[in-house]
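Any read-out appearing in this document is the output of simple, stated calculations on the displayed coordinates, not a laboratory observation. Here the structure is a predicted model, which is why all the values come from computation and not from measurement. Glycine gets a Cβ as well: all are built from the backbone with ideal geometry, and neighbour counts include every protein chain shown.
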């Protein structure tokens, strides 16, 4: 038995998200569609149900059992707004199983942008609106207003942390990127450098404040990417030196990793979807709490980590450039490094003013669904020729095919907005635009 | 002849591998990709220091560093018509007849005396190369296979059969039984097979029952290790969409015409060029007329390499709608000249040219949509072009020939 005081705790956070994938749109469809018709609801339903069967149901069930068995078991989730929307569309039963987890009181839900968007990089107003909407929805569904923020794909910078602080969040998650840590451990709390945002920005942010006051000192929790990726990416890799990974070994790695809290952040689909059931991932997860317990490793939510360690003096995590959790570069290059991505992103955000002017909820929702970061990830040509992970995660044939669909949707939206005049708005009673 | 044999023997003294290669077409006498690929492979092998003795049915080719043997060098000339010397004025009816009655495609593709010609080539070529001392025998496609089998037996050296196309590709899966049988027999006798794509490898496994481990995929290559600079990208007043290839069923040119009609409906400013010749020409002209495309469709006929380069450089979109394309060198040439490409999924080159829009050849609506998107979206064209350099760099003939050499070495050390 190890000395309890030397063992770090573990903080699990799982990202739950599904994008609205696009239909095989054609140029001849442009100008002929209703809002929302861009999306391939059949395919989205099929994927949602498949992932529900392989991941959401079995993993939620397992976590529920673990919570019953181990009273101190804790876990955190971030459910994107578009995921919740898909629950309403395709799987109220999935939402119920998350509610059952929430009812135990041992699960923390984090805040994010409703549409799992990159709006933090393009529009402060849009970003704040999406965060506000997400927080409201989470509170309505699970009864607790999130105090911790995680931005899409862990896209993080000093500026984003400052915005989160001004919105009233106690904590924010980020990637424990080596180049920013310079040899320091990711297993302790950090804080962003303090500086002042322009007054105009502050006003925008204040307008959307999530909690009654801003936070004095926001804390940054860093992902321990080595240990996280051992589970998320390497678990079933037979050429990996750590294969096969047992709960015993992993708990030992966690213990020897030291610090305050080992933050294991990953996509929830790791369980059963990215790592299939036959890899033994569920048995691994089931065995973990006992192995942690043996070594005095406590499981904490991000809020608990801040409560427990937040008063101790901590170091600055200085992210003057943006970091994310994607690819080996850990930057924005998965979404913003080629002509397709720039054209799609700038083209989309250029419509912001016109979309707001329309005051049409369906148009706004469609525009926002196109903001989901996955659309830009599918356009990545970074490793395209190598046929790697981007290919695995894309529903389309190629980045060029992804662009064909996206650019058609964008063209249609542009056309609709051009046609949209106050007069036509008066004639549509149900909020749907006139054709 | 004596002088030639002596020179060949002289070259036996050092240790480099000597390949005895049986080819069918070779620049300047060639009609399609086979000749170009053959030249690429020969030059690539020479670059690596291999010795090449190439046997051709004609004596108009020359290649510095390689020994070329042709029937002409025996004094007795034989004339073997190159595969696409077709009867162009017959072709429409012949095509219709074949489709409806299933008559033999061999007549259209190779002329009636092909069987005899191949037999003569085989006999002469085998005789011609008895004095050569190769380490390996390498054939290109079925016409040279039997010559290769005999030479391999005579010299007791391994046979490598290079498959650039199968009878199934050439005939839209209505093969001539005689040719397919010869193909199969030859391939079974080969010690190893090189296929120009994974697409072709799968076809050889599936349709010919050849064991997978006997086939290695070596994609065709290019001499251009980077794309050429291209200055204009606005399409001008009349954007140009290009088809370049033989006007045969295999190349899917009729699907190009159908897609052109859909493009034309939305973009009447677009011009289409069909470059190449073949037995479908009169039918295509008729179809163009019937679809109301006479004013925007140009039939350029057979083009020289220089003319082809100009067309590629001018094209705003290149389309390869092949029904079944073992490789498709034209796509590599198109990206070399900065033309964005729309490719048939039923092609081998799609395994290499990743910066392409892929479509099923029969899905002409989607083909049209891809063309229209390419023409509309400058970011798409820029991104496609920016990926070409890496693709070309990874597929030079020098690299590909290196892979062929390692197959030779593997076989030599086994034997």
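Structural remarks
- For residue B:302 and residue A:241, the FRET efficiency from 1/(1 + (r/R0)^6), where r spans their Cβ atoms and R0 equals 51 Å, is about 0.30.
- Potential extension, residue A:100-residue A:69 segment - 0.36 nm per residue separation minus Cα distance: 9.6 nm
- 20 Å cut-off, amide nitrogen to a point 7 angstrom out along residue A:328 Cα→Cβ, residues in region A:181-220: A:181-183
- Shielding of peptide A:25-37 by partners, expressed as the average count of other chain Cβ atoms within 10 Å per residue Cβ, is 2.
- Distance between region A:198-215 and region B:224-301 - C-alpha centres, whole angstrom: 59
- Sequence-separation-based contact order of region B:264-415, relative, with Cα cut under 8 Å and 6+ spacing, percent: 16
- Put a dot 7 Å past the Cα of residue B:29, heading toward its Cβ, do the same for residue B:181, and the two dots end up 3.0 nm apart.
- Put a dot 7 Å past the Cα of residue B:237, heading toward its Cβ, do the same for residue A:350, and the two dots end up 2.7 nm apart.
- Rounded to 10°, Cα long-axis angle of helix A:57-69 versus longest principal axis of chain A: 40
- FRET efficiency, residue B:173 to residue B:64 (Cβ-Cβ, R0 41 Å, nearest 0.05): 0.50
- Residue-averaged [θ]222 nm for the protein assembly as shown, counting only DSSP H segments that reach four residues, each worth -39500 (n - 2.57): -13000 deg cm²/dmol
- Alpha-carbon geometry of region A:43-140: the Rg and the Dmax are 14.8, 45 Å, given in that order.
- Taking the DSSP bridge list for chain A and keeping only pairs wholly inside it, about 15 percent are antiparallel.
- More than 55 Å apart - percent of Cα-Cα pairs taken over the protein assembly as shown: 27
- Between residue A:136 and residue B:189, the simple label model (points 7 Å from Cα in the Cβ direction) yields a spacing of 8.1 nm.
- For chain A, the relative contact order works out to 24 percent when only alpha carbon pairs closer than 8 Å and six or more residues apart are counted.
- Every pair of different Cα atoms in region A:185-282 enters the Kirkwood calculation, which places the hydrodynamic radius at 16.6 Å.
- Restricting attention to the protein assembly as shown, close to 5% of DSSP beta bridges with both partner residues there are antiparallel.
- C-alpha center-to-center spacing [region B:15-71, region A:218-274] in angstrom: 56
- Difference of contour (0.36 nm per residue) and Cα-Cα distance, residue B:389 to residue B:412: 4.8 nm
- Report note on the peptides A:237-249, A:204-216: ranked by the mean count of other C-beta atoms within 10 Å, highest first, their order is A:204-216, A:237-249.
- Shape category assigned to region B:202-330 from the gyration tensor of Cα positions, a/c cut at 1.5: oblate
- Taking 20 Å as the cut-off, the amide N atoms of region B:151-184 that come nearer than this to a point 7 Å along the Cα-to-beta-carbon line of residue B:207 belong to B:161-184.
- Cα shape, region A:153-201, gyration tensor, a/c 1.5 rule: prolate
- Shielding value for B:258-269 is 1, the average number of Cβ atoms from other chains within 10 Å of each residue's Cβ.
- Three-way shape call for region B:117-230 based on the alpha-carbon gyration tensor, with the a/c threshold at 1.5: oblate
- Note on A:296-309: average number of Cβ atoms from other chains within 10 Å of each residue's Cβ is 0.
- Summary value for region B:343-382: 29 percent relative contact order, contacts being C-alpha pairs under 8 angstrom separated by 6+ residues.
- Both numbers refer to the Cα atoms of chain A; Rg and Dmax are 21.8, 75 Å.
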